[in-house]
Structure formats: C-alpha cells, structure tokens
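Below: one structure, written as structure tokens.
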Amino acid sequence: MKEGKKRLFILLGLSILVVYGAIFAFIWFLISNRSPLFNKILLISIVAAFVVIMLFMAGGLLLLVFSLWRFKSSRRLNKFNRCVVEIFFPAVSRMGRLLGIEQQTIENSYIKIVNQMTAASGEKFRAEEILILAPHCLQNVNCPHKITIDVQNCHRCGRCSVNGLLQMAEEMGVKLVIASGGTFARKFAQELKPKAIVAIACERDLTSGIQDMQGIPVLGVLNERPNGPCYNTNVQLCKVRQAVEQLIDEI
Ligand code: SF4
C-alpha cells in the first residue's frame, strides 16, 4: 500500500472542481447556442446552481489549504474544515478510484489531513477528558482475557500492545478502551463523553470512525498489520504517546 500524502486529497478535490468546471462550460456552450427560451431559463438555473456549489466548494477547499499551510486554525474553522473534508470525501474517493488510486491510499491522506487540522486548532484538554480508543485486533489471539468488557482484565503479560497502552494511559491519566467494532467504539464515545479522542485502527476503520465522531477532535494513529488485517496487529506506542501529548493540557 502506498502512503497517502496530504496533497493527494487536495489534488483530487481540485480535480473535482475541474470536472465541475468542464460541466459548467458544456452547459454554457448549450446556452450560447440559442436554445428556446424555456430551455435557456432552465439552463441558466442549472448554471446558477453549479456556480453556487462550485464557489462554496472552491472557497472551502481554499480555506482548508490555507489552514493546513499555515498550520493554524481555530475550533470554529476546524469544524468548518471538517465539514468541507466530509463533503469532498465521497467525491474524492470516486475520483481516486476512477484514476486507479487505491481506496486505502486516499483514506491515508484523509487521516493525515484530519490529524493536521486537529493539531493546528491547538486545542488542549485535561488528561481525563482524552480517550484512547483502540481496536480489539491488537489483543493477542491466544489471550483468554475479556479486555473489551474492561481493559483492566488484561493480565499485562506483554504479549501484545495492550500492556503498553495500559501503562501509558495510567501514566498520562487518560482513559483507554478496547472496542470490538465501530458500534462499540460509538457506544464508548457516547458513554464516556470524551472531549478529544486518540483513535487507533486501520485506514478504513479510522476513516469511518472519524466520520462518526463529528464535533470531537480526533487524532488517528494507524495500526500495523504484520499478520494481515484484523489479526494480532500492533501499534507504535511512541506514536500514540505523541498524539496524546498533542492534545493534553499539561503532563
Ligand atoms: S498483554 Fe494483556 S491483552 Fe495482551 S496478551 Fe497479555 S494479558 Fe492478553
């Protein structure tokens, strides 16, 4: 799988604007070829709608690029940028597929953009307001302990990353839960009401998880899958620590 650079998402977004522009030019061509009056009114309405949508999308994309470039944003701007990214995402995915770019690469780019937006907002939280949301596939498959019910059921044998995550969460004072899927991740987020989330998962689950957590600042950390997807996965603890440190008020 190729790394998805942030600019990939932006470039695909721009290419969508180019396609919109081409459609606009085509409609304009039809108008200028003297259709009957009704057709003209209809076409002018369509063009007007296109122009409004294009201006909104171009403005949103510009603002997003500006925030990413300056690495500075506010909570409100961040929310707006998140909306822009969510609006663009389905079209960007389709455009990427058309151009033969792997979905995972686009998701990787999306996660990087969301991470940078979260970091750029500069929002800080108390340790207890931060939740580390980790996937069940980090647990060693031979481990009999029910850590999805309560992560404290881990016996800390060190055969998987859960031990290290537990130690880190305790040391930093943040919450840690292990979710066995998107539904449980949403349930934990609703019950624990964190102000910020450090989510660990693969590209696909992180993307859908981030989209589910609208309104909550999220930093995504990709897991490593040396044994294939969803099976004895790992996470680099230093990356999780780095993400928590970006969000935490003081350590
Ligand atoms: S570290 Fe915890 S979760 Fe992982 S295998 Fe050992 S007891 Fe099980």
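The values are calculated or read from the model by the stated rules, or taken from the named source; none is laboratory data. Given the structure is predicted, the values throughout are model-derived calculations rather than measurements. Here Cβ is always computed from backbone atoms with ideal geometry, including for glycine, and neighbour counts include all displayed protein chains. What goes into the accessible areas is simple: the full protein's heavy atoms, side chains included, and nothing from ligands, DNA or RNA. Shrake-Rupley method; radii C 1.70, N 1.55, O 1.52, S 1.80 Å.
Annotations
- The residues of the chain have, on average, 54 Å² of accessible surface per residue, using a 1.4 Å probe with all protein chains present.
- Cα Rg over Rh - segment 6-117, Kirkwood: 1.08
- Given the chain, longest segment not containing exposed loop trypsin sites (Lys or Arg not before Pro) (DSSP; at most 16 other Cβ within 10 Å): 196-251
- Helix runs (DSSP H) in the chain reaching 18 Å along axis by Cα, Kyte-Doolittle at least 0.5: 6-32, 37-70
- Pairwise Cα distances in segment 63-135 exceed 20 Å in 41 percent of cases.
- Accessible surface of segment 95-228, 1.4 Å probe, proportion on carbon and sulfur as whole %: 51
- Using only Cα coordinates, the Kirkwood hydrodynamic radius of the chain works out to 20.0 Å.
- Listed residues GLN103, GLN236, GLN190, most fluctuating in the chain (Gaussian network, C-alpha, under 10 Å): GLN190
- Diffusion of segment 36-76 by Stokes-Einstein, at 25 °C in a medium of 0.890 mPa s and with Rh set to the Kirkwood radius over alpha-carbon pairs, works out to 199 µm²/s.
- Filter on LYS79/LYS146; LYS112/LYS146; LYS112/LYS193; LYS6/LYS79; LYS6/LYS40 - keep pairs with C-alpha separation over 30 Å: LYS79/LYS146; LYS112/LYS146; LYS6/LYS40
- Dimensions of segment 105-220 along the principal axes, based on C-alpha atoms and rounded to the nearest Å, stand at 38, 32, 23, largest first.
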